[in-house]
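The values are calculated or read from the model by the stated rules, or taken from the named source; none is laboratory data. This one's a predicted model, so the numbers in the text were calculated from it and none came from an experiment. Please note: Cβ atoms are built from the backbone with ideal geometry, for glycine as well, and neighbour counts cover all protein chains shown.
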Amino acid sequence: MGRVQSPETAVPSPDLSTPTTPPLGREMVPNRVTLVPMNREILPPNLAPPAAAYAHAIVSDNARRMLHTSGVVPIAPDGSVPSSLEEQARLVWANLRAILDEAKMKITDVVSVTTYVVVGQTLATVMAARDEALGGHRAASTLVTVPALARAEWLMEIALVAASEK
């Protein structure tokens, strides 16, 4: 079996003498294997586009590592909690980035975000912080308003899922 160089890695050429189904995460093309992104956005043609900068769904092909966070809250390393929603949102995303870094994952590995915001807070502030933190990366995203969180000073928290092939 011959080998074909791709920008990512050398991948053996498929044996095309018998019909086969391509492995998940790979698309078969005669005489070469093309790698497809592990985390891909799903947007069915019969669905309206998402209402903001997020994906309706993400499929993760060939994920070798998964990260599931608890609800990450706006507590700084010194135990303080910022008073404004904007500061809390930035801190939560900084805490999430620290978790991703510790797990040796990138923001582009994030496939799902669930955000909980106390009723009466400005949702646009939370969404802007998400968009800034993701830097154009799109993940499945759910925004839920709740009457309260576990501590009165918390105005929001975020849980996320990340998937990586490494």
- Note on the structure: Of the listed residues (Leu96, Leu143, Leu160), the one being part of a helix (DSSP H, G or I) and closer than 24 Å to His56 by Cα is Leu96
- Task: Being of a type in the set (S, T, N, Q), surrounded by fewer than 19 Cβ atoms within 10 Å (Cβ to Cβ) and out of contact with any Ser or Thr (no Cβ under 7 Å at 6 or more places or on another chain) is the filter here, so list the residues in region 126-166 that pass it.
- Result: Thr145
- Task: Among what's in region 76-93 and is outside any helix (DSSP H, G or I) and touching a residue at least 60 places away in the same chain (Cβ under 8 Å), pick the residue that is farthest from Leu160 (Cα to Cα).
- Result: Ser83
- Query: Given the residues Pro74, Pro23, Pro45, which is the only one that is at pLDDT below 70 and either under 30 Å from Ala150 (Cα atoms) or over 20 Å from the mean Cα position of the chain (by Cα) (or both)?
  - Reply: Pro23
- Looking only at residues in region 49-75 that are touching a residue at least 60 places away in the same chain (Cβ under 8 Å) and among the charged types (D, E, K, R), which one is surrounded by the fewest Cβ atoms within 10 Å (Cβ to Cβ)? Arg64
- Subset of region 99-125 (residues that are farther than 21 Å from Glu41 by Cβ and in a loop (DSSP other than H, G, I, E, B)): Ala103, Lys104, Val119, Gly120, Gln121, Thr122
- Item | Selection from region 126-140 of residues that are part of a helix (DSSP H, G or I) and either of a type in the set (A, V, I, L, M, F, W, C) or within 11 Å of Thr115 (Cα to Cα) (or both) | Val126, Met127, Ala128, Ala129, Arg130, Ala133, Leu134
- (1) of a type outside the set (Lys, Arg); (2) more than 19 Å from His137 (Cα to Cα); (3) modelled with pLDDT of 80 or more; (4) crowded, with 16+ Cβ neighbours inside 10 Å all hold for Gly79 apart from (4)
